[in-house]
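Step one of this worksheet: look at the structure below.
The values are calculated or read from the model by the stated rules, or taken from the named source; none is laboratory data. Note that this is a predicted model, so its numbers are computed, not measured. Neighbour counts run over all protein chains shown; Cβ positions are idealised from the backbone, glycine included. Just so you know, the surface numbers come from the protein's heavy atoms only, side chains and all, with ligands and any DNA or RNA stripped out. Shrake-Rupley method; radii C 1.70, N 1.55, O 1.52, S 1.80 Å.
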Amino acid sequence: QIRGLPNLKNEQQLDFLKIGGATIFALLFMLFLHFQSWKLSFLILMEIPLSVMGSLILLHLFDESVNIMSLAGIIISLGIVVNDSILKMDLIQQLLKTENYGLETAVLQASKKRFLPIILTSLSTVLAVIPIFWSPSFGNQLQIPFALSLIGGMSVSTFTSLFLLPKWILWLKFY
C-alpha cells in the first residue's frame with residue numbers, strides 16, 4: 001500500500017487526477033503535432049508508467065509516503081524521460097529521412113549518439129539530490145521523498161530510454 005495518498009481528501013484526489021489526465025492529454029497532443037503520428041506519441045507515453053513505478057518502488061523500499069515532495073520528484077523525472085525520448089525519436093526520424101537509413105540502422109545510430117547525453121543527464125540529476133541523504137537536518141528529512149522519487153524514476157526511465165524504447169520501435173515497426 002502506498003502511504004500518503006489516502007490521506008488526501010476525496011476532492012483533492014479528484015483534482016489531482018483531473019489535472020494529471022489533462023496534462024497527459026496535452027502532452028499526447030503536443031507529441032502528435034511534433035511527430036505527426038499517434039503511434040509514436042503513445043510509444044513515448046508508454047515510458048511514463050514505468051518511471052512512476054520506479055519512483056513508487058523506491059519510496060516503498062525506504063518506507064516513505066507519497067506526498068507533495070515525492071510527486072514533484074515524479075513529475076521532474078517524467079519531464080526528463082519524455083525529453084530524452086523525444087530527442088532520440090527525433091534523431092531516428094532525421095536519420096530515416098535525410099540519411100535514407102533503414103529502420104534498424106537509424107535506431108542503432110540514434111541510440112549510439114544519444115547514449116552519453118542521456119546517461120549524463122540522468123547521472124547529474126541523481127547526483128544532485130544525493131546530498132539530501134547525508135544531511136540530518138529537519139529540512140532535508142522533508143526532502144527525502146523528493147530525492148527518492150526522483151532517483152527511482154530517473155533510474156527506471158534511463159534504462160527505458162536507452163534500451164526498451166529502441167526495442168519497442170523495432171518490434172512494433174512504428175516508422
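TYR101 passes every criterion in (1) closer than 26 Å to LEU31 by Cα; (2) assigned to a helix (DSSP H, G or I) apart from (2). When GLY73, GLY20, GLY102 are screened for being closer than 24 Å to LEU164 by Cα, among the small types (Gly, Ala, Ser) and exposed (fewer than 13 other Cβ atoms within 10 Å of the Cβ), only GLY102 passes. Taking the criterion of being open to solvent by 30 Å² or more (accessible area, probe 1.4 Å) and of a type outside the set (Lys, Arg), the residues of region 112-124 that qualify are PHE115, LEU116, PRO117, ILE119, LEU120, THR121, LEU123, SER124.
Test LEU87 against the stated conditions and say whether it is over 22 Å from LEU162 (Cβ atoms) and open to solvent by 40 Å² or more (accessible area, probe 1.4 Å). Answer is no for this residue. For region 106-121, a residue qualifies if it is at pLDDT 95 or above and of a type in the set (Ser, Thr, Tyr), and exactly one does: SER111. State whether one or more residues within region 123-141 are outside any helix (DSSP H, G or I), of a type outside the set (Gly, Ala, Ser) and in contact (Cβ under 8 Å) with a residue 12 or more places away in the chain. Within region 123-141, one or more residues are outside any helix (DSSP H, G or I), of a type outside the set (Gly, Ala, Ser) and in contact (Cβ under 8 Å) with a residue 12 or more places away in the chain.
The residues of region 26-43 that are in a helix (DSSP H, G or I) and in contact (Cβ under 8 Å) with a residue 60 or more places away in the chain, listed by number, are LYS39, LEU40, LEU43.
Note on region 152-175: residues that are within 30 Å of MET69 (Cα to Cα) and either open to solvent by 70 Å² or more (accessible area, probe 1.4 Å) or without any contact (Cβ under 8 Å) to a residue 24 or more places away in the chain (or both) total 2. Within region 44-68, being part of a helix (DSSP H, G or I) and either within 30 Å of ILE92 (Cα to Cα) or modelled with pLDDT under 90 (or both) holds for ILE44, LEU45, GLU47, ILE48, PRO49, LEU50, SER51, VAL52, MET53, GLY54, SER55, ILE68.
In region 108-124, the condition of being farther than 26 Å from LEU95 by Cβ, more than 21 Å from the chain's Cα centre (by Cα) and not small (Gly, Ala, Ser) is met by no residue. Criterion applied to PHE62, PHE146 was being touching a helix residue (DSSP H, G or I) at 6+ places or on another chain (Cβ under 6 Å), open to solvent by 70 Å² or more (accessible area, probe 1.4 Å) and either of a type in the set (A, V, I, L, M) or in contact (Cβ under 8 Å) with a residue 40 or more places away in the chain (or both), and the one residue passing it is PHE62.
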